[in-house]
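S.K.: There's a structure below that I have some questions on.
FYI, it's all coordinate maths here, none of it is from the lab. These figures come from a predicted structure and were not determined experimentally. Using ideal geometry, Cβ is built from the backbone for each residue, glycine included, and neighbour counts are taken over all protein chains shown.
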């Protein structure tokens, strides 16, 4: 099943197109739910305290888990981002975009970004939850 057959991007008539995310996606297949991932490596060690570096590592962690399920980033239908510093995030959108595209390409699912007071891991600056839909065989 192709991505076009799996997903229908929801763009209400007359609405200005979303930029960098989708307003909604309708999907068919096997759902995959990922718990919140943060910007540490496979050994649960932070290699950087920089927000953009942590975002890239977090997205790579998501991609690695998707691979374990036989899925890829283009199967993601929703991302929920939690950041500890909205100003750092918004002032570096170009860098964030480059890091995102380096891992997820030009696939932009439904997304929400929320600033939170803190995350459980002291050094974490971002946590991202993901939902993907894998096409059913046949």
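S.K.: Only Cα pairs within less than 10 Å get springs; with that Gaussian network setup on the chain, which residue of 37, 115, 54 has the largest fluctuation?
M.R.: Among 37, 115, 54, the largest mean-square fluctuation in the Gaussian network model of the chain belongs to 115.
S.K.: Continuing with the same structure: Taking just the alpha carbons, could you work out the radius of gyration and Dmax for the chain, both in angstroms?
M.R.: 15.2, 48
S.K.: With a 10 Å cut-off between alpha carbons and a GNM built on the chain, which of 65, 38, 128 moves the most?
M.R.: Comparing 65, 38, 128 in the GNM, the peak value goes to 65.
S.K.: How many percent of DSSP beta bridges within the chain run antiparallel, rounded to 5? Walk me through the numbers before you get to the answer.
M.R.: Numbers: 18 of 25 bridges.
Among the beta bridges of the chain, antiparallel pairing accounts for roughly 70 percent.
S.K.: Could I ask something else about it? Sequence gap at least 6, Cα distance under 8 Å: using those rules, report the relative contact order of the chain to the nearest whole percent. Please report the intermediate quantities before stating the final value.
M.R.: Details: 241 pairs, mean separation 51.8, N = 138.
Worked out over the chain, it gives 38 percent.
S.K.: In a Gaussian network model over the chain where Cα atoms closer than 10 Å are linked, find which of 16, 56, 87 has the largest mean-square fluctuation.
M.R.: 16
S.K.: Can you give me the C-alpha center-to-center distance between the range 30-77 and the range 81-124, rounded to a whole angstrom?
M.R.: If we compute the Cα centre of each part, the gap is 12 Å.
S.K.: Here's something else I'd like to know. With 14 Å as the cut-off, how large is the P(r) tail for the range 67-136, expressed as percent of Cα-Cα pairs?
M.R.: Details: 1566 of 2415 pairs.
Tail of P(r) above 14 Å: 65 percent of Cα pairs.
S.K.: While we're looking at this one, here's another question. Okay, helix-only estimate at 222 nm for the chain: each DSSP H run of n ≥ 4 adds -39500 (n - 2.57), divide by all residues, round to 500 deg cm²/dmol; what do you get? Could the numbers behind the result be given before it?
M.R.: On the way: 4 runs with 40 residues, N = 138.
Using -39500 (n - 2.57) per qualifying helix, the result is -8500 deg cm²/dmol.
S.K.: Among 120, 52, 103, what is the fewest-to-most ranking by other Cβ atoms within 10 Å? Write down the numbers at each step before the final one.
M.R.: Numbers: 120 8, 52 21, 103 16.
Arranged by neighbour count, lowest to highest, 120, 52, 103 become 120, 103, 52.
S.K.: Normalised by the residues of the range 54-116, what does the relative contact order come to in percent, with Cα pairs under 8 Å and at least six apart? Mind showing how you got there, number by number?
M.R.: Details: 54 pairs, mean separation 31.4, N = 63.
About 50 percent, as a whole number.
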